[in-house]
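As structure tokens, the structure follows; a few thoughts come after it.
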Amino acid sequence: MDARIYLLRLEVCGIKNLDKPVSFEFYKRIISNDFDPSQYKVKAIYGENGSGKTAVVTAVKILKELLTDSTYLEDSDTQRTLYALINKKRKSGYIECEFFDTFDKKPCICKYRVSFETGKDRRIYLASEELYIKNGRYSKNKYNVVYRVDNGKLVAACKNEALFKIYQEKTLNLLKKQTFALCLSSVMQTADIRKDIDFFINSIRPYLFALTLRIYLDEVDHHREFFIKEDLKDFIQNNESFSSEDTVQFLERQEYYIQSDEVMIRKPVYDEYAGKIRRLCSFLHIFKPEIKDIQIDRREDREYYRCRLKLVYEDYVLDQEFESRGIRKLIKMFDYLDLSASGGITFIDELDSNINDVYLDKIIEFMMYYGKGQLCFTAHNLSPMSILKENKGSISFLSSINTVHTWTNNGNLSPENAYRNGFIEDSPFNTDAVDFIGILGGDDA
């Protein structure tokens, strides 16, 4: 596995119905110097309707936006959405993650946490932000603070006192609406950061982590991080502390995404995009052999091409928008699965919807054995459990009371039968057909 960043743990609280913390382990608790995640590439989250599965994926989406979009909390539509998403009982929450980072020449383990709260004006503000780091691969090493933000003020950072004051001044009145990692990325070209380059590199690790994330919530992706990413590529190429060639190649693989509608492609990367569409055609052909080719309908728009996809059959050509729901879902999923296969971290809500369970199992099996990154998905279909049970910690059950139970081998009992029959702790499925007698088709009197 050659991913640059690997997610170790995720903890979420205060999103939608998650009024208590829920935590998911993506790797064994003890990380040794021979770190090997080959059996920990896929994580499936199961739970009853309303248990909070989508809330977990939504939290990861929020985390990515907070770390890549400087205008995220300024946008009025975003604020309305967040106000609706923040748990009404708590009116606050947090997202915490631990990840193993090999982007530069000094592998390390990072712990990042950002908390948020609802203000009296019904807007969402950042309450605190913390980043800690362990040097090396060994998980028993001590965490050291990189920076801490409290109530909109930088309270701990680099050891260089003069530089600390500069960062305090530059982020004054910003840190309730922007993460510190993102604020730093906006000054990466200034001379100040050269005074403590190690601090700067450590501080933007959460940003690099966020760039590896793709989250599917059945909505169109936006490219708000594009310009910052371009600046970051320039910075990395001119800084010997990074393994620059590999890192820049990783960022460039996320240059363009295939969407369900028109997509804007920069002219210099059009050939790479066309190559990706050829692979998409081969991918769809597995599911629907009648598809012969995919045409790219492109129109010039200054330095971009506006591109739409048309699927070619034996006797006709069909715009992707008029394809079946299953094929459209596969077109969307290709991007996310492709990133996960090449070393990124992908979260997909309801991966199993509109996909035949036979194909679903084969996709998951591919990710387990051949993928280079991580795939985390929510699902209702139980068939993937028969594959995932062979791996360690790959199946987690989320209950409506905010508890998480990860499947471990239990004699001859399979995870699908245990779940179906209510043998998982806090599972609601210990029901029988007779329980519906007198309810369905009963008397209203």
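Nothing in this text is a laboratory measurement; each read-out follows from the coordinates by a stated rule. Computed from a predicted structure; not experimentally measured. When we count neighbours, we look across all protein chains shown, and the Cβ atoms used for this are built from the backbone with ideal geometry, even at glycine.
If the chain between Ser342 and Arg80 were fully stretched, how many nm would it gain, using 0.36 nm times the residue separation less the Cα-Cα distance?
Numbers: separation 262, 0.36 × 262 = 94.32 nm, distance 3.51 nm.
Here the answer is 90.8 nm.
Taking R0 as 51 Å, what's the FRET efficiency between Ser353 and Asp121 from their Cβ-Cβ distance, rounded to 0.05?
Values: r = 37 Å, r/R0 = 0.73.
That pair, Ser353 with Asp121, gives E of 0.85.
Which far-off residues, 5 or more places away or on another chain, put their amide H under 5 Å from the one on Lys43, with H placed in the peptide plane?
Those qualifying (amide H under 5 Å, at least 5 residues apart or on another chain) are Leu375, Cys376, Phe377.
Where Lys and Arg each count +1 and Asp and Glu each count -1, what net charge lies around Glu365 among other residues with Cβ under 12 Å from its Cβ?
Values: positive: Lys41, Lys362; negative: Asp361, Glu390.
Every neighbour counted, the sum reads 0.
With a cut-off of 8 Å between alpha carbons and a minimum separation of six or more residues, what is the relative contact order of segment 30-121 in percent?
Details: 55 pairs, mean separation 15.7, N = 92.
Once divided by the residue count of segment 30-121, the mean separation gives 17 percent.
State, as an integer percentage, the relative contact order of segment 258-340 based on alpha-carbon contacts under 8 Å between residues 6 or more apart. Each step should come with its number before you reach the end.
Values: 106 pairs, mean separation 27.6, N = 83.
Relative contact order for segment 258-340 comes out at 33 percent.
Mind checking which lysines have their C-alpha under 17 Å from Lys292, skipping anything on the same chain fewer than 8 residues away?
Of all the lysines, those that pass the test against Lys292 - Cα under 17 Å, at least 8 places apart if same chain - are Lys276, Lys310.
Asn160 versus Ser23, label points 7 Å from Cα toward the beta carbon: distance in nm?
Placing both labels 7 Å beyond Cα along the Cβ direction yields 3.6 nm.
Determine the gain in length on full extension of the stretch Glu314-Thr431; use 0.36 nm per residue of separation and subtract their C-alpha separation, reporting nm with one decimal. Could the numbers behind the result be given before it?
Numbers: separation 117, 0.36 × 117 = 42.12 nm, distance 4.96 nm.
Gain in length upon complete extension: 37.2 nm.
Evaluate E = 1/(1 + (r/R0)^6) for Leu172 and Asp198, where r is the Cβ-Cβ distance and R0 equals 22 Å; express this FRET efficiency to the nearest 0.05.
Details: r = 24 Å, r/R0 = 1.09.
Working from the Cβ atoms, E equals 0.35.
Which order results if Met367, Met264 are arranged by neighbouring Cβ count within 10 Å, fewest first? Let's see the in-between values first.
Details: Met367 21, Met264 14.
Starting with the residue having the fewest Cβ neighbours, the order is Met264, Met367.
If you take the beta carbon distance between Glu390 and Ser324 as r and set R0 to 35 Å, what does 1/(1 + (r/R0)^6) give as a FRET efficiency, to the nearest 0.05? Provide the component values of the computation, followed by the final result.
Working: r = 32 Å, r/R0 = 0.92.
Efficiency, rounded to the nearest 0.05: 0.60.
Which length gain, in nm to one decimal place, applies between Met264 and Ile296 when the Cα-Cα distance is subtracted from 0.36 nm times their residue separation? Walk me through the intermediate numbers first.
On the way: separation 32, 0.36 × 32 = 11.52 nm, distance 1.20 nm.
Length difference between fully extended and current span is 10.3 nm.
Check cross-link reach from Lys362 to the lysines: straight Cα distance under 17 Å, and skip same-chain residues fewer than eight apart.
Straight-line reach from Lys362, under 17 Å: Lys41, Lys43, Lys288, Lys329, Lys372, Lys389.
Students often check this: by mean Cβ neighbours within 10 Å, which of 436-443, 54-61 ranks highest, and how do the rest follow? Let's see the in-between values first.
Values: 436-443: 8.1, 54-61: 23.4.
Most protected by this proxy first, the peptides run 54-61, 436-443.
So, by mean Cβ neighbours within 10 angstrom, what's the order for 29-35, 372-378 with the highest one leading?
Numbers: 29-35: 11.7, 372-378: 24.0.
So the order, starting with the most tightly packed, is 372-378, 29-35.
Label-point separation (nm) for Arg306 and Lys89, each offset 7 Å from Cα along Cα-to-Cβ?
For the pair Arg306/Lys89, the computed spacing is 4.8 nm.
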